[in-house]
1. Can you give me the number of residues within region 270-291 that are over 19 Å from L243 (Cα atoms) and touching a residue at least 24 places away in the same chain (Cβ under 8 Å)?
2. Just checking, which of E235, E186, E228 is closer than 28 Å to L262 by Cβ, more than 41 Å from the chain's Cα centre (by Cα) and charged (D, E, K, R)?
3. Here is a check on your reading of the model: is F486 closer than 25 Å to S665 by Cβ, surrounded by 13 or more Cβ atoms within 10 Å (Cβ to Cβ) and within 34 Å of the chain's Cα centre (by Cα)?
4. Which of the residues belonging to region 512-565 are more than 18 Å from Y482 (Cα to Cα), outside any helix (DSSP H, G or I) and free of Cβ contacts under 8 Å to residues at least 40 places away in the same chain?
5. Can you name the number of the only condition in (1) hydrophobic (A, V, I, L, M, F, W, C); (2) surrounded by 13 or more Cβ atoms within 10 Å (Cβ to Cβ); (3) within 30 Å of the chain's Cα centre (by Cα) that L85 fails?
6. Checking the condition surrounded by fewer than 23 Cβ atoms within 10 Å (Cβ to Cβ), on the phi > 0 side of the Ramachandran plot and not hydrophobic (A, V, I, L, M, F, W, C), which residue from G385, G342, G364 passes?
7. Got a sec? Which of E747, E702, E682, E697 is among the acidic types (D, E), surrounded by fewer than 20 Cβ atoms within 10 Å (Cβ to Cβ) and more than 30 Å from Q643 (Cα to Cα)?
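The values are calculated or read from the model by the stated rules, or taken from the named source; none is laboratory data. The model shown is predicted, which means the values in this text are computed figures rather than measured ones. Note that each Cβ is placed from the backbone with ideal geometry, even for glycine, and that neighbours are counted across all protein chains shown.
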Amino acid sequence: MSDMAKDSMTASPSPRLDFNTPALQRKRRLRAFKDHLTRWYVSVGGLAVLAAITLIFFYLAQVVLPMFKGAELSASGEPQQPAWLAEQGKPLLLALEEQNQVAMRLDAQGQVSFFEAANGALLNRVALPLPAGVQIVSRGLDLPGSNRVVLGLSNGQALVFRHSYKVSYPNNQKTIVPQIEYPFGETPIQIDPQGRAIDQIAVSVNGDTLMLAGSTNGQVHALSLTREENLMTGEVTLDEQRLNLPQLDEPIEKLVIDPRQLWLYAFSGRATADVFDLNKQHLNGRYNLLEDAQAEVTEVTPLLGGISLMIGDSKGGIHQWFMVRGESGAQFRNIRDFQLNGSPITQILPEERRKGFVALDAAGNLGVFHSTAHRTLLIAPVAEGAALAALSPRANLLLVESAGKLKNFALDNPHPEVSWSALWGKVWYESYDEPKYVWQSTSANTDFEPKLSLSPLTFGTFKAAFYAMLLAAPMSIAAAIYTAYFMAPALRRKVKPVIELMEALPTVILGFFAGLFLAPYVEGHLPGIFSLLLLTPLGILLAAYVWSLLPERIRLVIPDGWEAALLVPVILAVAAFALGMSGHMENWFFGGDMRLWLSNDLGIPFDQRNALVVGLAMGFAVIPNIYSIAEDAVFSVPKSLTQGSLALGATPWQTLTRVVILTASPGIFSALMIGLGRAVGETMIVLMATGNTPIMEANIFEGLRTLAANVAVEMPESEVGSTHYRVLFLAAMVLLMFTFVMNTLAELIRTRLRKKYASL
C-alpha cells in the first residue's frame with residue numbers, strides 16, 4: 001500500500017456543519033418574524049382597501065337613498081274652529097303665504113279674510129268692491145304663485161285682484177301685513193256686452209297684457225287688455241281688444257288660458273275640450289279627454305308654468321295634457337295618467353316651485369304626485385268628506401277647511417322629481433314633440449321642468465371610452481407584443497421607458513391641447529385625418545413587403561430586432577403626405593369644405609369638439625396603461641416555452657400566436673380592462689374636448705358628456721342636500737358600481753384563462 005493511501009486511511013473524518021447554532025436560530029426567528037409581519041401587513045392593507053371601498057359605497061348609498069322615499073304627511077296641531085268662520089259664506093278659495101303664517105279665505109259674498117294659519121285668529125277682513133246687488137258667479141286663478149284671482153259676476157263683469165303679503169321688521173320683529181291689490185283697477189271689466197252672468201271665467205297676465213275669457217250660455221268672450229300707467233299721475237288706462245271666437249254648442253264647465261296667451265281651453269260636455277287658437281281666432285280642434293264613457297271631468301288646473309293641464313275625473317283619475325307640435329300642427333295630447341281613489345276629484349293644487357301637485361277627492365282623500373317623474377308619493381285621508389284646501393308656496397304645509405273646521409298638515413316631500421323611469425327611461429317633457437332622454441339640471445326661471453336622465457351621461461361615458469379604446473387597444477397591444485417578443489433588448493430598453501413616460505403627462509394638459517389645438521386642427525383637416533388613419537397601416541404593410549423583397553445582403557445590414565426603427569420615416573412620410581393632401585382632397589371630393597358637405601349633403605351634424613377629438617386625445621392617454629401591463633405579460637412568458645416551440649419546428653409567428661399570446665392572455669385581458677376603466681373614469685380630457693353636450697347620438701362628429709365630467713362640472717354649483725346634489729352622487733355611485741362589476745368580471749375571466757393555459 002502506498003504512503004498516500006495510508007495517509008488517507010489514517011486521516012480524521014471531515015467536520016459536520018452545525019445548522020442549529022444560536023446565530024442561525026436568531027436569523028431564523030427574525031426571518032419568521034418578518035414573514036409573519038409582512039403577511040399581516042399585506043392582509044391588513046388589503047382588508048383596509050376593501051373596507052374603504054365598502055365605506056365609500058355605503059356613504060354614496062346613504063346620500064342617494066333618500067331620493068326614493070315617498071312623502072310624509074302629519075297633522076300639525078289640533079283642528080281649529082274660530083267663531084268668525086261660522087259667520088262667513090261658502091268658501092271659494094283658500095291660500096297661504098310664503099312663511100306659512102298668514103292664510104287667506106275668499107267667500108261667495110266677496111269677503112276676503114286674512115287669519116293666522118296656526119290658530120285661525122282673524123287678522124283682517126276686506127270687502128271686495130263689487131257693484132250693488134251683484135253676485136259672484138265664478139272664480140278663476142292665474143298661474144301658480146302669481147296670487148292673481150278673477151271673479152265672474154252676475155252682471156257680465158269681471159273683477160281682477162291680487163292678494164299680497166308685505167314683510168317688515170319694526171323693532172327687529174317680523175311682521176307680515178296682508179293686503180289686496182287691484183293691478184287693473186278697482187272697477188270691474190265688462191266681459192259680456194249684454195250683461196249676462198259669467199258662468200266660467202279665466203285670467204292670464206303676460207307682461208302688461210291682461211287676457212280675460214268668460215262664457216255665458218256656451219258663448220265664449222275673450223278680451224285682451226293692455227295696461228298703461230302714466231308716470232306722472234300714476235293713472236292706469238286699459239287698451240281693450242275683443243277677440244271674435246267661434247261659438248260652441250254645449251255648456252262650458254271650465255276655461256283656462258295659456259300663459260303665453262296662445263291657446264284658450266274650453267271644457268264642455270262630460271269629457272271634451274275645445275282648444276282655440278287666440279292668434280288666428282279659430283278653433284284648433286275638439287278632443288275627447290277620457291276613455292271611460294261613464295266618467296266625466298270634475299276639475300281642471302294648470303301646473304306651474306301653465307303648459308300642462310291636470311284634468312281630474314269622476315272616477316278618481318288625474319290626467320296630464322298639453323299641446324304638442326305634430327306634422328299637422330299643434331295638437332292637445334294626453335301625456336300621463338295618475339289615480340287617486342274611486343271618488344271624484346274635487347280640487348287639484350299645483351306646487352309653485354316644482355312640477356308636483358296635490359289632489360283632493362270628494363271622500364276627503366289626499367294624493368301627492370309629481371308629473372315629470374310620473375310618481376305617486378302619498379295617498380292619505382285628511383277629511384271625512386268634501387273639503388277645500390290650500391298648499392303653501394314651499395309645498396310644506398297644507399291647510400284644509402272641512403265641516404267648519406281648519407286643519408293644518410305638515411307635508412315632507414323633499415325629492416319628488418326622482419324616479420327610476422325619470423332617471424333611465426324616456427320622458428315626455430313639456431313642449432317636446434316626443435319622449436326623450438334629456439339631462440338639463442338647471443334653468444333661468446322657476447317654471448323649469450327638471451330633466452335628470454342619466455341615460456345620455458352613461459351613453460356619453462361609453463361612447464368616449466369606445467372611441468378611445470378603438471384607437472388605443474390595437475396600437476398598444478400590437479406595440480406590446482412586438483416590443484416584448486421581436487424587438488432587440490437594447491432597443492426595448494429605450495422604447496419601453498419612453499412609452500411609459502407618456503403616462504406621467506397630466507391629463508389636464510392633454511385636455512387643454514385637445515380643446516384648443518387638436519379640435520380646430522381636426523376640423524380644418526378632416527380628409528387628412530381620415531387618410532392618416534387609413535394609410536398608416538397600409539403604409540406599414542407596404543414597407544414590410546418592400547423590405548422582404550430586398551436582397552438578403554441589404555436586409556442583413558440591420559441587426560435582428562432593430563427593423564422597427566425603419567418604420568419611423570415611413571410613418572412620418574405617410575403623415576406628411578396625408579395631411580399635406582388634405583386641402584386638395586377637400587377641394588376635389590367635398591366642394592372645398594368637408595364639414596359643410598357632411599352637414600348639408602349627408603345630414604350629419606358636426607361639432608368642433610366631438611367624439612373623434614376625444615378618441616384621439618384619450619386614446620393617447622390610455623395607451624401607456626395598456627401597453628405597460630400587456631408588455632410585461634408577454635415578456636414574462638417563460639423562455640422555455642418559446643424555445644421549445646421553436647426547437648420543435650414552429651416558426652416565430654406560430655410560436656407567438658399559439659404559445660406566447662395564449663399564455664399571456666390573462667395579463668393582456670387585464671391590461672384592456674384597466675385601460676377601459678381609465679377611459680370610463682377620465683374627467684379632464686372629456687371635460688375640455690367634448691363640448692359637454694349631454695346627447696344620445698352615436699355620431700362620431702358630435703359631442704358628449706360623461707358621468708365623471710358631469711359630476712366635476714355641476715357638483716360645485718349644486719345645493720347641498722338638494723335633488724340635483726343627490727343625483728350627482730348617484731352618478732358617482734353608478735361609476736363605482738360599473739368599475740366594481742367590470743373589475744370583478746375581469747378577474748373571473750383572467751383566472752379562468754390562467755387555469756386554461758397554465759398547462760402550456
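1. The qualifying residues number 6.
2. Just one listed residue meets the conditions, E228.
3. In short, no.
4. L550, P551, L556, V557 - these are the residues of region 512-565 that are more than 18 Å from Y482 (Cα to Cα), outside any helix (DSSP H, G or I) and free of Cβ contacts under 8 Å to residues at least 40 places away in the same chain.
5. It fails just one condition, (3).
6. Sole residue among the options that is surrounded by fewer than 23 Cβ atoms within 10 Å (Cβ to Cβ), on the phi > 0 side of the Ramachandran plot and not hydrophobic (A, V, I, L, M, F, W, C): G364.
7. E697
Conditions tested, residue by residue: (1) farther than 15 Å from E97 by Cβ; (2) out of contact with any Lys or Arg (no Cβ under 9 Å at 6 or more places or on another chain); (3) surrounded by 15 or more Cβ atoms within 10 Å (Cβ to Cβ).
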residue	(1), (2), (3)
L128	yes, yes, yes
G133	yes, yes, no
I136	yes, yes, yes
G156	yes, no, yes
V160	yes, no, yes
